[in-house]
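S.K.: Starting off with a structure, shown below.
The values are calculated or read from the model by the stated rules, or taken from the named source; none is laboratory data. Everything quoted here is computed from the prediction, not taken from an experiment. Just the protein is used for accessible areas: all its heavy atoms, side chains included, with ligands, DNA and RNA removed. Shrake-Rupley method; radii C 1.70, N 1.55, O 1.52, S 1.80 Å.
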Amino acid sequence: MNTMKAASHDVTMLLQAWSAGDMAARDAVMDVVYRELRRRAAGQLRHERRGQTLQPTALVHEAYFRLVDQRRVVWQNRGQFFGVACQMMRRILVDRARAHRMAKRSGQWARVTLDEAVRATPPVDVDVLDLDAALTRLAAFDPRKSQLAELRFFGGLSLEESGGALGISIATAERDWQAARAWLQKELKAERRHDA
């Protein structure tokens with residue numbers, strides 16, 4: 001077993017022990033995945049609006065506190081854990097963007113980029129609240145594509161990791177990602193025209 005698969009297997013065993021009530025396993029999970037969560041949070045925050053004050057460490061810690069409060073989750077594997085962590089980070093960023101918008105009431109946007117890693121063209125700036133609303137609309141008719149986009153955008157997961165978290169093949173993840181990305185770009189472009 002290669003090193004990456006061994007580490008993933010170890011995380012899966014710890015997550016399952018945590019689900020069974022082992023609090024030492026819960027703490028060990030965070031020791032094992034902390035660096036990866038912080039790397040993903042730092043990547044996400046690089047795309048946030050200028051002047052935002054949330055640091056990667058604070059985002060990871062806030063997500064951690066929300067994760068340990070999950071009483072009904074039966075942890076299955078590393079992919080599922082990172083998927084839930086991505087959802088937590090999305091909620092935190094959206095909550096902060098909403099609070100910022102309400103505090104300022106200036107109509108300024110919280111800017112993020114739409115997946116620079118897979119785009120050949122320059123990144124598109126979007127409002128995190130518009131992106132959240134578009135993902136919610138997408139989830140209404142295609143929940144899997146919405147979840148995939150959430151994992152890719154808010155969690156920085158690769159197609160392989162996202163597919164694993166959703167229990168789909170890489171080929172299916174690639175097709176879903178192409179469709180979700182195209183749909184989101186169309187929706188967000190229409191939203192920008194509407195706001196102009």
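S.K.: Which value, in Å² rounded to 10, gives the accessible area of Met23 with a 1.4 Å probe and all protein chains present?
M.R.: Taking all protein chains as shown, Met23 has close to 90 Å².
S.K.: Another one. As a test question: what accessible area, to the nearest 10 Å², does Asp69 have when a 1.4 Å probe is rolled over all protein chains in place?
M.R.: Surface accessible to solvent at Asp69 totals approximately 100 Å².
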